[in-house]
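To start, the structure itself, in structure tokens.
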């Protein structure tokens, strides 16, 4: 007779331990052809926006887009891509399935997803696309969620993002009030810049991280443009701590199980309880 003495698999345990230790996980996407199709969809929208023919190499095209589009027109292009990608019926399900195995292992299998997938485009030496050091929970984001951060090109060094590990992050609260008085985000970055880890993520891999940790970017000093998407996922029944960022206004349910649907619609018959 075979018995099972654990509730989780060794693979799930490994992901859990890595996430708790580092605050993030980097893995190959669950479906590379789906990622290729998603990236190609982005390129098609850009080419239609610019009125040009499709390139032969999507990666090279995105890496060098700063040679095609002036920085003054960058935001118009980004908003166009953001809007049209999020309007496609297949986009959000495809995005989820790229990191489904990780998200379900460390968050759960009854999930809500941010209503819109964000898009970031950072040109070389461009100061207009900076995201100063921060933790998402400082702006009423849920501490019970993860961010799925997807690069559409290879990223490393200043073409990527930095993050502070959980152990170092625990020291921030003790210093935050003094740092805020001395210069805010700039002072905070200077205080921890030697402890931040720059993440190297090749195209074809995805980053899942805790937004409770300090993270951000700096001016892209590489000769290539960074393209990345990000979206938040949390458990359906995990607490919603903000009126602005709650189910319906900020999140949509995506994997609600049958019993939860039945239970949510259940009403005790009138007069049944004394």
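The values are calculated or read from the model by the stated rules, or taken from the named source; none is laboratory data. From a predicted model like this one, the values you see are computed outputs, not experimental measurements. Counting neighbours? That spans all protein chains shown, and the Cβs are built from the backbone with ideal geometry, glycine included.
Of all residues in the range 130-149, count the ones that are within 20 Å of residue 242 (Cα to Cα), in contact with a helix residue (DSSP H, G or I) (Cβ under 9 Å, 6 or more places away or on another chain) and in a loop (DSSP other than H, G, I, E, B). Talk me through it step by step, then tell me what you get.
Step one: filter the range 130-149 for residues within 20 Å of residue 242 (Cα to Cα), giving 134-147.
In the following step, the residues that additionally are in contact with a helix residue (DSSP H, G or I) (Cβ under 9 Å, 6 or more places away or on another chain) were identified as 134-135, 142-143, 145-147.
Applying the additional criterion that residues be in a loop (DSSP other than H, G, I, E, B) yields 135, 142-143.
Of the residues in that region, 3 qualify.
Among the residues here, residue 267 does not qualify as closer than 30 Å to residue 28 by Cα, part of a loop (DSSP other than H, G, I, E, B) and free of Cβ contacts under 8 Å to residues at least 40 places away in the same chain.
Counting only residues that are without any contact (Cβ under 8 Å) to a residue 24 or more places away in the chain and surrounded by 10 or more Cβ atoms within 10 Å (Cβ to Cβ), which one in the range 9-37 is nearest to residue 213 (Cα to Cα)?
Of all residues in the range 9-37, those without any contact (Cβ under 8 Å) to a residue 24 or more places away in the chain come to 9-10, 13-14, 17-18, 33, 36.
Restricting the remaining residues to those that are surrounded by 10 or more Cβ atoms within 10 Å (Cβ to Cβ) gives 9, 13-14, 17-18, 36.
Working: 9: 27, 13: 21, 14: 20, 17: 16, 18: 15, 36: 30 Å.
Filtering the range 9-37 for residues that are without any contact (Cβ under 8 Å) to a residue 24 or more places away in the chain and surrounded by 10 or more Cβ atoms within 10 Å (Cβ to Cβ), the one nearest to residue 213 (Cα to Cα) comes out as 18.
The conditions of being closer than 25 Å to residue 246 by Cα and out of contact with any strand residue (DSSP E or B) (no Cβ under 9 Å at 6 or more places or on another chain) are met by residue 83.
Does residue 109 fit the bill of being modelled with pLDDT under 95 and either surrounded by 15 or more Cβ atoms within 10 Å (Cβ to Cβ) or not in a helix (DSSP H, G or I) (or both)? Against the criterion (modelled with pLDDT under 95 and either surrounded by 15 or more Cβ atoms within 10 Å (Cβ to Cβ) or not in a helix (DSSP H, G or I) (or both)), residue 109 does not qualify. Under the condition of being in contact with a strand residue (DSSP E or B) (Cβ under 7 Å, 6 or more places away or on another chain) and under 22 Å from residue 240 (Cβ atoms), the residues counted in the range 107-129 number 10.
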